[in-house]
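Here is the structure we will look at, set down as structure tokens.
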Amino acid sequence: MRNETKATNPVLELKNVSKTYSVKQGLLGKSRPLTALRDLSLRLEQGEVLGLVGESGCGKSTLAKILLGLEAPTSGEVLVDGAPLGSQDRLALARRIQPIFQDPYSSLNPRKTIADIISLPLRVHGIGDAASQQAAVREILDVVGLPSRVMHTYPSQMSGGQRQRVAIARALVMKPDIVICDEPTSALDVSVQSQILNLLADLRRDLGLTYLFISHNLAVVEHLATRVAVMYLGRIVEEAETEALFDGARHPYSEALLTSVLTPDPSLGVPRMNLGAAYPNPIDPPSGCAFHPRCAKATEACARQRPAPVVDEDGLIACFHPNGMAPTRSRPAEAAPRLSASV
Amino acid sequence: MTQTVTNPTGAAFDRDPLLEQILGPTPGQMLRRRVLGHQGLLIGGAVIALLALMAIFAPLIAPHDPFAQSLMNRMEPPVFLGGSWEHPLGTDHLGRDYLSRLIYGARVSLLIGVVAAVISGVIGTTMGVAAGYFGGRVDAVVTFLINVRLAMPVVLVALAVVAILGGSLTVVTTVVGLLLWDRFAVVMRASTRQVRAREYVAAARAVGASTPRILLTEIMPNIANNLIVVVTLEMAHAILIEAALSFLGLGVQPPTPSWGLMVSEGKTMMLFEPWLVLIPGAVLFTLVLAINLMGDGLRDVTAPENRN
């Protein structure tokens with residue numbers, strides 16, 4: 001597995017990508033830059049599932065928008081099959097990369113029937129005539145596990161899980177290679193989440209898809225991802241194979257995220273994460289290592305200087321005081337059944 | 001809202017009562033139920049339909065020629081004040097049949113209401129949707145134009161323009177239409193901004209759909225209910241402005257029968273024959289009330305979640 005990751009042909013690659021928004025504070029306030037992504041590099045290999053985790057506001061969704069071509073990076077390059085994203089035909093890109101969004105209540109147009117929603121990509125790209133589009137919709141509905149009678153219903157008549165299946169059908173109807181899943185389960189009931197995750201896993205196996213799987217839910221990521229990248233304030237702080245990361249995170253932030261997963265036993269209470277300060281304001285990021293105000297291991301060096309990302313055989317790490325490879329979970333016994341807890 | 005059934009199996013499924021029970025009503029069915037359960041909408045709609053029919057079939061309904069003067073029969077009172085059935089609503093100061101003039105006057109009011117609302121609707125919706133969808137500089141320009149327009153008093157500007165160009169139905173309609181787009185722009189801008197942030201718009205963009213396609217098929221259907229409500233409000237507004245301009249002598253010119261003009265012509269006799277003013281005033285009031293009732297009803301019915 002690890003050797004596979006070292007393969008040299010990434011289908012999707014970000015090179016030193018930064019994205020800055022300007023934010024106006026107050027009525028007469030000056031607009032200040034908000035840097036959502038800072039000098040971020042990431043590779044997505046053919047056939048893998050790259051899990052991207054991090055807190056709200058760390059830039060996960062901005063990254064998704066850039067990969068989908070919905071926003072342009074302020075600097076840096078996005079390469080698809082080695083060619084810059086901007087130089088490629090928008091429609092050709094749309095056939096290769098498709099999104100699945102977080103909220104199935106917002107991602108389906110309430111005024112359209114399910115058949116209209118799913119066949120939109122086919123109509124935009126002029127694939128087939130009306131009859132063959134109907135046939136394609138039927139086929140893809142079957143693939144995502146919905147009966148074809150829902151074709152003439154509206155999103156308001158469906159449950160959250162069914163809606164997300166429709167959103168998945170829309171993303172897959174043109175048979176893309178890469179699917180950007182932006183928290184596809186976080187708006188769903190816990191009981192429905194696992195169905196959707198299993199569906200995504202089955203589809204990946206059957207259709208040979210590559211996923212970029214964005215989530216703040218570590219249990220979901222562990223279930224699906226082959227490799228995990230941990231983001232903090234617009235930067236990747238650690239990247240590793242899923243098993244390696246979950247066995248022993250090297251960055252203190254990854255460690256804190258792993259510890260924060262809730263257990264099924266309510267008597268254990270909310271886990272302690274040793275994260276003192278609150279998430280920093282991205283307009284006014286901390287000096288040095290952005291994580292140092294919350295880090296138990298922080299030293300003066302962390303406040304002064306930003307640790308450069310180091311790539312080694314285990315992945316990538318950007319920390320002055322990384323943990324060793326020894327298991328570092330504080331409560332391994334309780335943390336083990338995470339999957340059943342939040343999936 | 002009709003369902004697009006394109007194949008026999010789909011049609012069979014759609015008509016299956018058991019399946020409908022399981023799936024629940026379609027949005028179209030729910031809309032129909034809300035319409036039939038909304039009294040204000042039904043009453044307003046019925047009154048407007050009645051007045052519209054009256055305007056369309058005026059030559060068939062009107063008992064007399066609205067322009068025919070008869071100085072022998074001046075100022076005859078309506079039936080309920082002791083008049084005759086020959087002139088059910090009496091005659092005016094030139095002996096013209098009041099009911100006939102009222103019926104023909106509906107044409108002017110409804111025409112000006114519909115045409116002015118369409119003109120201002122096209123201008124305001126285009127500006128509002130562009131501002132809401134594109135944001136940035138487009139938004140800044142449109143917001144500026146809205147502010148400029150809001151700073152101008154409508155009746156005063158209309159008076160000035162009509163005084164220069166001369167009053168006629170065309171001039172009044174155009175001027176009113178060019179002045180009433182502000183509410184369209186404000187409402188459409190706000191609702192477009194709201195809809196634009198929905199993920200189905202992002203999904204359509206990610207699929208590669210063109211901007212016109214997104215505006216027409218993703219944005220417009222979802223802001224149409226707000227548009228309908230503003231259309232009704234601005235119709236009522238335009239009708240009132242026409243009546244005001246006609247009353248001031250700068251709107252539709254005599255002898256064209258217009259409700260505002262009838263009030264104006266009756267005002268000299270108001271203290272002696274108050275019905276000359278009250279009858280056209282009451283009809284005008286009823287039409288505007290009916291339009292507003294329908295507008296409120298449409299808001300309730302098309303967007304039940306936005307009530308209050």
17 Å Cα-Cα reach of residue A:30 towards aspartates and glutamates, excluding residues that sit fewer than 8 places from it in its own chain
A:284
Place the peptides B:102-110, B:197-205, B:151-159 in order of packing, highest mean first, counting for every residue the other Cβ atoms within 10 Å and averaging per peptide.
B:102-110, B:197-205, B:151-159
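Between their Cα atoms, which of A:112/A:175; A:24/A:112; A:19/A:297; A:15/A:60; A:65/A:175; A:24/A:65 are more than 25 Å away from each other?
Values: A:112/A:175 22 Å; A:24/A:112 36 Å; A:19/A:297 29 Å; A:15/A:60 16 Å; A:65/A:175 20 Å; A:24/A:65 22 Å.
Table pairs above 25 Å Cα-Cα are A:24/A:112; A:19/A:297.
Sort B:267-273, B:39-45 for me by packing, meaning the mean count of neighbouring Cβ atoms within 10 Å per residue, highest on top. Each step should come with its number before you reach the end.
Details: B:267-273: 12.4, B:39-45: 16.9.
My ranking of the peptides, most packed first, is B:39-45, B:267-273.
Considering every pair of different Cα atoms, what Kirkwood radius, in Å, is found for the protein assembly as shown? If you can, show how the numbers build up before the last one.
Values: mean 1/r = 0.0339 Å⁻¹.
So the Kirkwood estimate lands at 29.5 Å.
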Alpha carbon centroid spacing (whole Å) that separates segment B:55-89 from segment A:180-244
79 Å
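Antiparallel versus total DSSP beta bridges in segment A:141-282: what percent is that, nearest 5?
Working: 6 of 11 bridges.
So the antiparallel bridges in segment A:141-282 amount to around 55 percent.
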Nearest 5 is fine: what % of DSSP beta bridges in chain A come out antiparallel, could you say?
60 percent
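Per residue of A:68-79, how many C-beta atoms from partner chains lie within 10 Å of its own C-beta, taken as a mean?
Numbers: counts 5, 3, 5, 0, 0, 0, 0, 0, 0, 0, 0, 0.
Mean partner-chain Cβ count within 10 Å for A:68-79: 1.
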What is segment B:50-306's relative contact order, in percent, from Cα pairs under 8 angstrom and six or more apart in sequence?
20 percent
How large is the helix-only mean residue ellipticity at 222 nm for the protein assembly as shown, computed as the sum of -39500 (n - 2.57) over DSSP H runs with n ≥ 4, divided by its residue count, in deg cm²/dmol to the nearest 500?
-15000 deg cm²/dmol
What three numbers, in Å, describe the spread of the alpha carbons of segment B:50-306 along their principal axes, ordered from the longest?
76, 38, 27
Pairwise label distance in nanometres, residue B:163 with residue B:43, each label 7 Å out on the Cα-Cβ vector
4.1 nm
Once you treat every alpha carbon in segment A:91-154 as an equal point and sum by Debye, what is log10 I(q)/I(0) at q = 0.28 Å⁻¹?
-1.38
Kyte-Doolittle mean at least 1.0 and Cα extent at least 24 Å along the axis: which DSSP H helices of chain B qualify?
B:39-56, B:98-134, B:220-247, B:275-302
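What helices does chain A hold that run 30 Å or longer along their axis, going by alpha-carbon atoms, with a Kyte-Doolittle average of 0.5 or more, using DSSP H for the helix calls? Don't jump to the answer; show the numbers that get you there.
On the way: long enough: none.
Helix filter hits for chain A: none.
Since every read-out is calculated from the coordinates, none of them should be taken as a lab result. Being a predicted model, the structure only gives us computed values, none of them experimental. Note that each Cβ is placed from the backbone with ideal geometry, even for glycine, and that neighbours are counted across all protein chains shown.
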